[in-house]
Every structure is written in structure tokens, then in C-alpha cells.
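**Q** Below you'll find the structure I mean.
The values are calculated or read from the model by the stated rules, or taken from the named source; none is laboratory data. Computed from a prediction, not measured in an experiment: that's the story for all the values here. Positions of Cβ are generated from backbone atoms using ideal geometry, with glycine treated the same way; all protein chains shown enter the neighbour counts.
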Amino acid sequence: MPIFIAKSFFFFLFFLLASCGTPPRLKSAALNKEDETKNYHPIGTTVSYVCRPGYERTELRPVMTCLENLTWSEAPECCRGKSCGIPKGPEHGRAVDVTNDLYGAKVNIICDDGFRLRGRTFIQCLLKGDQVEWSQPPTCQEITCSPPPNVTNGMHNGSNVKSFVYNSSVTYKCDHNFTLTGEASIHCTTKDNINGVWNGSAPECKGDCLFLSSSCS
């Protein structure tokens, strides 16, 4: 009998003094102020969580319980990220690979053909005050080519053009008594989606042998 009493007292004392460790830290929620100050969590004790900034409550109770094996019950998904809504790309660009619009999400930005990206290649759903919104998007800048080369004894039709943008073209024409050799037109393109280059060399204007004997030597 004394042994039985001793064992019973031991188990009672263990149950009385046993405590779970520090409650788990959650990414989306923090312990409420009251439970944050406690360092003793006997079996059956519950602790409550509040959503962190950028998160909002779900239908699940934000509570965890100290179990008899001195572990905490499974963390409930009691808070979820707030939504930034449908992401908008910059002018002449768009958002791609959009799989998530919640707090913390990142979305890639690409530019349309003929435009180069300036700034970060993504936007992110960030906290602003107690709400969330997408970060400032990068800009898409038009790709341009340097002025096309001039040719001797000829000209091109872009002499009055201030900026040669992607896909624009110029056409060459030779002076009287000169013949054009090569492609008459070249156009502005890009190989790296950053810098504009002309797709080929300018043609040449060669003199007619009937009029310019020096050109035929």
C-alpha cells in the first residue's frame, strides 16, 4: 500500500509540475501578449495566437494545447496572407508566372518585344500600413538603334528621324549614275533584348562604268 501511495504521489507530482516547452513560433502568427509572458505550461494549458501584420484570420481557432506527452498540439493554419489582388505590369510589359497574390509573394515582370527592362525583374506583395500592396513595378524602355551608317554617293530616308526604334527601317537610294549593291533596306533589331543593332550592313553605291571610268578600274 505504501508503495502504491508513493507511486500515485509521484505521478500526481509529475502531472502537477510537468510543463511543455516554449510554444512554437509561427510565421503567420504570434503569441498574444498574455501568453507571451508565461514560462510554465502544464498539461492541458492552451495558448492563443494573433495574426502578424500582413496576415488575416481563417476559420480555424488560433489556439495550441500542451498535450500529455508534453508536446504542443499541431499548429493550426489560423492566419493566411492578405491578398494584393491581380498584379499589374508596367506599360509595355506584363506580369508572368502568377501563382500567388498573397503577402510575401513575388511575380516576375517581362517587357514586350522591342522594350528593355529597367529596375527589378519582379514585384512583391508587401506590407503598407496594416494593408498589403504590390511594390513599384520596373519600367519597360523602348530599344533604339544608333543612327544608320551613311553611304558614299547615296543617302537613306532616315536623315530627319530623331530616334530609330526597334523594328523601324531605313531604305537607301544612290545618286544619279550610281548603282546600289546589297540590300536596299536595313531594320533595327536586338540580339540581347537590351541593345539595338541594325540587322545588316548598309549597301554600297557603285559608279556606272559608262559615266565613271575610274569606278571600273
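**Q** From 170, 151, which residue is touching an Asp or Glu at 6+ places or on another chain (Cβ under 9 Å), at pLDDT 95 or above and on the phi < 0 side of the Ramachandran plot? Write out each step before concluding.
**A** Values: 170 fails: touching an Asp or Glu at 6+ places or on another chain (Cβ under 9 Å).
None of the other options fit; the residue is 151.
**Q** Here is a further query. Name the one entry in 76, 53 that is outside the structural domain of residue 131 (by TED's automatic domain parsing), closer than 30 Å to residue 125 by Cβ, part of a loop (DSSP other than H, G, I, E, B) and at pLDDT 95 or above.
**A** Values: 76 fails: at pLDDT 95 or above.
Exactly one residue qualifies, and that residue is 53.
**Q** When the range 68-99 is examined, which residues are found to be aliphatic (A, V, I, L, M) and either within 22 Å of residue 27 (Cα to Cα) or within 29 Å of the chain's Cα centre (by Cα) (or both)?
**A** 75, 86, 95, 96, 98
**Q** State all residues of the range 107-118 that are surrounded by fewer than 15 Cβ atoms within 10 Å (Cβ to Cβ) and either farther than 20 Å from residue 196 by Cα or not basic (Lys, Arg) (or both); if no residue qualifies, say none. Talk me through it step by step, then tell me what you get.
**A** Taking the range 107-118 as the starting set, the residues that turn out to be surrounded by fewer than 15 Cβ atoms within 10 Å (Cβ to Cβ) are 112-113, 118.
Answer for the range 107-118, where residues must be surrounded by fewer than 15 Cβ atoms within 10 Å (Cβ to Cβ) and either farther than 20 Å from residue 196 by Cα or not basic (Lys, Arg) (or both): 112, 113.
**Q** Ok, one more. Determine whether residue 140 is under 42 Å from the mean Cα position of the chain (by Cα), part of a strand (DSSP E or B) and not polar (S, T, N, Q).
**A** Numbers: under 42 Å from the mean Cα position of the chain (by Cα): yes; part of a strand (DSSP E or B): yes; not polar (S, T, N, Q): yes.
Here the answer is yes, as residue 140 does meet what is asked.
**Q** Is it the case that some residue within the range 155-167 is charged (D, E, K, R) and at pLDDT 95 or above?
**A** No, because not a single residue in the range 155-167 is charged (D, E, K, R) and at pLDDT 95 or above.
**Q** Just need a number here: residues in the range 183-209 that are exposed (fewer than 13 other Cβ atoms within 10 Å of the Cβ), of a type outside the set (A, V, I, L, M, F, W, C) and within 29 Å of residue 117 (Cβ to Cβ).
**A** Result for the range 183-209: 4.
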